[in-house]
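FYI, it's all coordinate maths here, none of it is from the lab. Everything quoted here is computed from the prediction, not taken from an experiment. Neighbour counts are summed over all protein chains in view; Cβ atoms, including those assigned to glycine, are modelled from backbone coordinates with ideal geometry.
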Amino acid sequence: MDRAKLSFFRIIRSKLSGDFIFEAVVGFFALCILFLAFLLFRELFIESGLSRNSFGLGFLTTSTWNPVSEVFGALPFIFGTLVSSFLALLIAVPFSLGIAIFLSELAPEKLRTPLSFIIELLAAIPSVIIGLWGIFILAPFIHDYLAPPLSTYLGFLPLFQGPMYGGLSMLTGGVILAIMIVPITSSVSREVIMTVPTHQREAAIALGATGWETTRIAVLPFARSGIFGAVILGFGRAIGETMAVTMVIGNSPRISESLFSPSYTMASVIANEFVEATSKLYISSLIEIGFLLLVISFIINIAARILVWKLLNVEGGGVT
Amino acid sequence: MKWNKRKIIDRVMSILTAACVVIAIIPLLSILYTVIINGISAVNLDFLTQIPKPVGEAGGGLGNAIQGTFIVVGIACLIGLPIGILAGVYLSEYGQNRFGRTVSFVADVLTGTPSIVAGMFGYTFIVLYFGSFSALAGGVALSVLMIPIVTRTTEESLRLVPGSIKEASLALGIPKWKTTLYIVLGTARSGIITGVLLSIARISGETAPLLFTSFGNMFWANGLDKPISTMPVQIYTYAITPFPDWHAKAWGGALILIILILILNIGVRFVTRRKYGM
Amino acid sequence: MNRLKIILILILAGMLLTGCVSKQPVEVQPTKAPATVTLNGAGATFPYPLISKWSSEYNKIKPNVQINYQSVGSGAGIKQITERTVDFGASDAPLTEQEFANISGILQIPESIGAVVISYNLPGIKTGVKLSPDVVADIFLGKITKWNDPGIVSLNPDTQFPDKDIIVAHRSDGSGTTFVFSDYLSAVSPDWKSKVGKGKSVNWPVGLGGKGNEGVAGLLSQNPYSIGYIELAYAKLQNISYSYIRNKAGKFIEPTLETTANAAAGAALPAGDASWSKVSIVDAAGDNSYPISSFTYLLVYKDQTDQTKGKLLAEFLWWAVHDGQKYSSDLLYVPLPKDVISLNEKTIRLMNNNGQTLI
């Protein structure tokens, strides 16, 4: 009987070997990641229940945001978020592509690392400091030097009509977002471009192509889906951005055709009004906006990662 | 002639793309310049060591905000680093299965969580549960942002360790867990630390998650379960006031924050450069 | 590479050590001296300059008591005290019937009186532009859009107004100041009452949103040709021009400590633990009353759960409504009239811990 007990313990001990325990422990922490994602969604989903039940899908299409009469509709914020982010893309993507191409194909070797480091430094600057700069430097600049010519030459478009209130407008919001997403869009594009196999480039050069032609013919088409993924990543970043946008966009929940009008984004309304929403419905509506924001940015990130991983994982590289 | 035209286009594109880089650097230079010029006049020893004075009284500083940032980021690290690093270890060494791939994917997607949502989570999860704003809640909200980043960078750093090192260790009879813990982690040390320092730099500057978790405090920190002042929130609060002396303090705070973050970022690059002998 | 480990550990240790170090004075003190107690408050931006002055003066008298006030808006203050995440709230608006019903046992203690002024940023034009109630309502309704509109010009024949669009600024957060202003507009403009109504957050027909009195004052300073509503203290501190409003008696009144006090004189006030939702001193009668005035309230629970904190809180409130009032005028707040102080004394005496009164 003693021997049976001994071998029983021996079996347990061998099963509970260092390897097993270690793998179990780190596996537990990996599980924590899933748990975190689950918690995030669950918490926001449950707390937004009152609003979802009261307004249903109409929440997405109502443009009234009235805490007095307790009618809440997220449309102005969805509009503000989408338009400012699209505007940011419009401005940022050409620059990001140019930077990515320059730094991976056309620049002299010695300059590549320092220049890419400098661009990434922009991403390291906290949003609130960019917002600070935005209030005191960018907004007056846009008001004084960018708005008047736009108004004079392109004023026939409803986009550029109406007064600009001291630079706090959708346009300024879009510009500041563009500045903030250039680093990530350009660095991911650059990584994608660098995974294009050298033989593609060599083939083009062998045929007598110039540097630019090589890029245009051999590299870009190959990297197309990855670059698209980088663009979507930038879009995802722009959508979730809070502080810098809140400080320059004017915080006015109205839908307007003009880029000169103030606007309001989903992240900004939460930042401004969350601490003070007194009624249960008000709080729930703000949480529902947060939930929408989470879902939208998740979907965008998933799409972007799929596109980028497809290209990068093929070559075994990593994404930061 | 056709040949010349192509050469010209090539030149033009080189110049255009270079111009993109130059134009993109302009805002960065403008921001750094503005922060330095405006901030330097506000920063002095008093600024770093005193608490704020009421409106209209001269002097005072952001001493408590600097302290608060260290504390809240410290809490986030205590929560986020173990989870992030150990999860990263799992994903790299044991994660070649459906579970591992799912977790890696989810972690990647979580890196894009909007910071305001992390703050909302901190509020409903900690603030309401304990009944007060606290440094703890702020730390938890920041860790939500930190964990995915640290997980992914740890995973990537570990993956870079050559298989030959692992195999050599296993061939010598060292169990897998010891191999991972001592050999692999040791080799990937600088990459992991890079990831950690970069994530610290990132969360030190976050404002949105702290707006309704750590809240703010006019005095020195006196407990992890009490509201606490932090630099980003203090900068934001001062920035939107109409008082010029508070604007000056906001710039001063911005200068200190940027210096802190730049030290972390540049220090990191310096370290990795030395390791890989570039 | 050991160096790196050491550096990392030092950083982490340093972060937490600073936390511990600051706590040490509390543990090392001899048992006779009381530990530092922080009383946390949140709410209206209007009384922030006054409360922060009180906080530093009271800390000189009682070094172990720290009053930590965050100015996040009346709406936030009410919410935080409802959820008991702070020890006291502050609001320029009395609790609505609904809010009062939601919190059981709340006391409303007016600690000061303020004037909401219509401020503007017009280059070359000083304080004193005369405005009538309907003109003000029309500007904020978006019906009057230019500075040289006949409505404005006719009231100020001697001033040259520019042909520029009016930039309207309002609050983006839940604000007692908004409540007072919208209360006033609802009282004087049936159009406003039906279209917008009164509340701490309303559906503004036009304008830019700023956070807190500070945010709106900031918008005004940074944008020429703008107009907005802020508390008098903020306008004076920032040298922002403000207008004289025509009151019920037909006179154009300059917002001063005196005219604001006149508006509060003789107001019929309920008991501290009753509902104050009907209290309003806007558009007050009287020749020399400023029409956009209001009390500002501190909100505390009648039943304090923590004996130490409750006592310190009650003592602070007592000090604030008595000695604290001497700091009011310098910061441009109206000191409380004697009858309001007596009413507050009765209210503070209602504060108790398990039935035992605290003061």
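Before moving on, here are some points about what is shown:
- Most fluctuating residue given options B:I25, B:I228, B:I126, as computed from a GNM of chain B linking Cα atoms under 10 Å: B:I25
- Under 12 Å from the Cα of C:K130 - aspartates and glutamates, other chains or at least 8 residues apart: C:D158, C:E254
- Checking the Cα-Cα distances for C:K236/C:K278; C:K79/C:K346; C:K53/C:K338; C:K200/C:K302; C:K193/C:K278 against a 20 Å cut-off, the pairs over it are C:K236/C:K278; C:K79/C:K346; C:K53/C:K338; C:K200/C:K302.
- Likely footprinting exposure, C:L141, A:L220, A:L16, fewest C-beta neighbours within 10 Å first: A:L16, A:L220, C:L141
- Axis angle, to the nearest 10 degrees, between helix C:212-222 and the longest C-alpha principal axis of chain C: 50 degrees.
- Within straight-line reach of B:K176, meaning a Cα separation under 19 Å, sit the following lysines at least 8 residues removed in sequence or on another chain: A:K15, B:K166.
- The helix-only estimate of mean residue ellipticity at 222 nm for chain A, built from DSSP H runs of length n ≥ 4 each weighted as -39500 (n - 2.57), is -22500 deg cm²/dmol after division by the residue total.
- B:S115, A:S69 arranged by Cβ crowding within 10 Å, fewest neighbours leading: A:S69, B:S115
- Dimensions of segment A:50-312 from C-alpha coordinates, computed as largest minus smallest value along each principal axis and given longest first, are 71, 43, 33 Å.
- Tensor-based shape of segment B:1-149 (alpha-carbon gyration tensor, a/c under 1.5 rounded, otherwise prolate or oblate): oblate
- Amide H contacts under 5 Å for C:I118: C:S243, restricted to partners 5 or more places along the chain or on a different chain, H placed in the peptide plane at 1.01 Å from N.
- Inter-label distance for A:I299 and C:V153, nm, one decimal - labels placed 7 Å from Cα along Cα-to-Cβ: 5.3
- Helix-only CD estimate at 222 nm, as mean residue ellipticity for chain C, using -39500 (n - 2.57) per DSSP H run (n ≥ 4): -12000 deg cm²/dmol
- Chain B shape via C-alpha gyration tensor axes, a/c threshold 1.5: oblate
- Amide H contacts for A:F260 (H built 1.01 Å from N in the peptide plane; partners 5 or more residues away or on another chain; cut-off under 5 Å): A:Q161.
- Backbone geometry of segment B:166-176 corresponds, through the Karplus equation with coefficients 6.51, -1.76 and 1.60 at θ = phi - 60°, to 3J(HN,Hα) couplings of 4, 5, 4, 5, 5, 5, 7, x, 6, x, 4 Hz, x marking Gly and Pro.
- Couplings for segment C:284-294, taken from phi via the Karplus curve 6.51 cos²θ - 1.76 cosθ + 1.60 with θ = phi - 60°, read 5, 6, x, 4, 10, 9, 7, x, 10, 10, 6 Hz in order; Gly and Pro are left as x.
- In Hz, Karplus ³J(HN,Hα) per residue of segment A:17-33 (6.51, -1.76, 1.60; θ = phi - 60°; x = Gly, Pro): 5, x, 4, 5, 4, 4, 5, 5, 5, 5, x, 4, 5, 5, 4, 4, 4
- Built amide H within the under 5 Å cut-off of C:Y69, gap 5+: B:M218, C:G41
- With a Förster radius of 22 Å applied to the beta-carbon distance between C:E83 and C:D273, the computed FRET efficiency rounds to 0.65.
- Modelled FRET efficiency - R0 45 Å, A:S54 with C:D330, Cβ distances, 0.05 increments: 0.40
- Secondary structure note: in the protein assembly as shown, about 60% of the DSSP beta bridges are antiparallel.
- Only helices enter this figure: runs of n ≥ 4 DSSP H residues, each worth -39500 (n - 2.57), summed and divided by the residues of chain B, yield -23000 deg cm²/dmol at 222 nm to the nearest 500.
- Global form of the protein assembly as shown, assessed from the alpha-carbon gyration tensor, a/c cut-off 1.5: oblate
- Least to most buried among C:E97, A:E241 (fewest other Cβ within 10 Å first): C:E97, A:E241
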